[in-house]
Structure formats: structure tokens, C-alpha cells
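Below is one structure, written out as C-alpha cells; the observations come after it.
Laboratory data are not the source of any read-out in this text; all were calculated from the coordinates shown. None of the values given here were measured: they were computed from a predicted structure. Neighbour counts run over all protein chains shown; Cβ positions are idealised from the backbone, glycine included.
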Amino acid sequence: MARDADTIERDIVQARDALAATLEELGTRPRRAMEAGKDQVEATMEATLGNPTVRYSLMGIGALIVLVLLRKLLR
């Protein structure tokens, strides 16, 4: 069965539109996943660093590292 040119052209346009929609979805999916991951990391960091025990422990470790480096440099 032979199809006329208008039917073939209409099928091509529909296939092109479907492909464009699929490519758009594939382009936005990683962006949404990245944003969700970023939000989760920010929430975790805020909850963790909001704890005074963790915050002061990290500050103490940082100060200790600075002191060790200064000692090595000044020797």
C-alpha cells in the first residue's frame, strides 16, 4: 500500500516532535537530579555544622593543623 506524500510528511513531523520532546526530557533530567543532590548536601551540611559539638571539633582540628604547619615552617 502506497501512502501519499502528505501522510508521510505528517508522520515525519510527528516523529520529529516526539524526538524533540524526548531529547528535552533527557536534557532536564540530569539537571533536576543535580539540584536535588545539591539541596540534600546543603541540608545535611547545615544540620551537621549546626551542631556545636561538630563545629567546635572541626575548629579545634583546624587550629591543630595550623599549629603543626607553623611549627614545621619555623623550625
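Stretch Asp11-Thr48 to full length: gain in nm at 0.36 nm per residue minus the Cα-Cα span?
Numbers: separation 37, 0.36 × 37 = 13.32 nm, distance 5.55 nm.
Contour length minus the Cα-Cα distance gives 7.8 nm.
Note the listed values [x] 21, 13, 11; [y] 62, 16, 5; [z] 18, 13, 11, then indicate which one is semi-axes √(5λ) of the Cα gyration tensor in Å calculated from this particular structure.
Given [x] 21, 13, 11; [y] 62, 16, 5; [z] 18, 13, 11, the calculated one carries the label [y].
If you fit an axis through the alpha-carbon atoms of helix 5-49 and take the longest principal axis of the Cα set of the chain, what angle between them do you get, 0 to 90°, nearest 10?
Once rounded, one gets 10 degrees.
Identify the trypsin sites (Lys or Arg not before Pro) of region 2-47 meeting these criteria: DSSP loop state and at most 11 other C-beta atoms within 10 Å of the C-beta.
Arg3
Run the helix sum for the chain: -39,500 (n - 2.57) per DSSP H stretch of 4+ residues, divided by residue count, reported at 222 nm to the nearest 500 deg cm²/dmol. Numbers along the way, then the final one.
Working: 2 runs with 68 residues, N = 75.
Counting only the DSSP helices, I get -33000 deg cm²/dmol.
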